[in-house]
Amino acid sequence: MPTIRLRKIIIKKTDSAELTEGAISGMIASLDDPYSTFMTKKESEEFDDTISSSFEGIGAEIGEEEGHIIVVSPIKNSPAEKAGIKPRDRITEVDGKSIKGQTTNQAIKKNPRQKRNNGFTYDRTRWRRETDGI
């Protein structure tokens, strides 16, 4: 009977958690669904920190669409509603700083919510698709 010899060759040390995150991230990306996203443990923790203080700020639910941060809905009687912010408005600047290319989490993290009644400035672009009928 012949003898089989196997050699262990390590090209790169890998971390099983990194491999798992990469696999899951790839699976979610392959869905090509704008409403499905994967967050690493660190991103999830940052998101949780953001959510824990989510009721301060301009008072609007925001999301991402076609690479832009959009208003999903202003909260009733919030500063956003009082300022005339409407659903589907694109938020392009916060306090004079461009947020172009940022995800919602990045924009919130880099432009932290202010304490109540401190005011804010923003720049918005009214944008509607042709199918919106506007």
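The values are calculated or read from the model by the stated rules, or taken from the named source; none is laboratory data. A quick note: this is a predicted structure, and the numbers were derived from the prediction, not measured. Neighbour counts are summed over all protein chains in view; Cβ atoms, including those assigned to glycine, are modelled from backbone coordinates with ideal geometry.
At a glance:
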| read-out | value |
| --- | --- |
| Boolean, residue 81 is more than 19 Å from residue 66 (Cβ to Cβ), in contact with a strand residue (DSSP E or B) (Cβ under 6 Å, 6 or more places away or on another chain) and either of a type in the set (A, V, I, L, M, F, W, C) or at pLDDT 80 or above (or both) | yes |
| Subset of the range 77-91 [of a type in the set (S, T, N, Q) and surrounded by 15 or more Cβ atoms within 10 Å (Cβ to Cβ)] | 78 |
| Yes/no for residue 70 being at pLDDT 85 or above, closer than 23 Å to residue 98 by Cα and either in a loop (DSSP other than H, G, I, E, B) or touching a Leu at 6+ places or on another chain (Cβ under 8 Å) (or both) | no |
| Candidate set from the range 55-76 (those that are at positive phi and in contact (Cβ under 8 Å) with a residue 12 or more places away in the chain); member that is surrounded by the fewest Cβ atoms within 10 Å (Cβ to Cβ) | 67 |
| Meets criteria (modelled with pLDDT of 90 or more and outside any strand (DSSP E or B)) for residue 57 | no |
| Odd one out for residue 23 among (1) under 23 Å from residue 66 (Cα atoms); (2) over 18 Å from the mean Cα position of the chain (by Cα); (3) not hydroxyl-bearing (Ser, Thr, Tyr) | (1) |
| Tabulated pairs, the range 19-44, first farther than 21 Å from residue 107 by Cα, second part of a helix (DSSP H, G or I), C-beta under 9 angstrom, 6+ apart or interchain | 21/41 |
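Yes/no per residue for (1) outside any strand (DSSP E or B); (2) out of contact with any Lys or Arg (no Cβ under 9 Å at 6 or more places or on another chain); (3) at pLDDT below 80:
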| site | (1), (2), (3) |
| --- | --- |
| 32 | yes, yes, no |
| 38 | yes, yes, no |
| 50 | yes, no, yes |
| 108 | yes, yes, yes |
| 113 | yes, yes, yes |
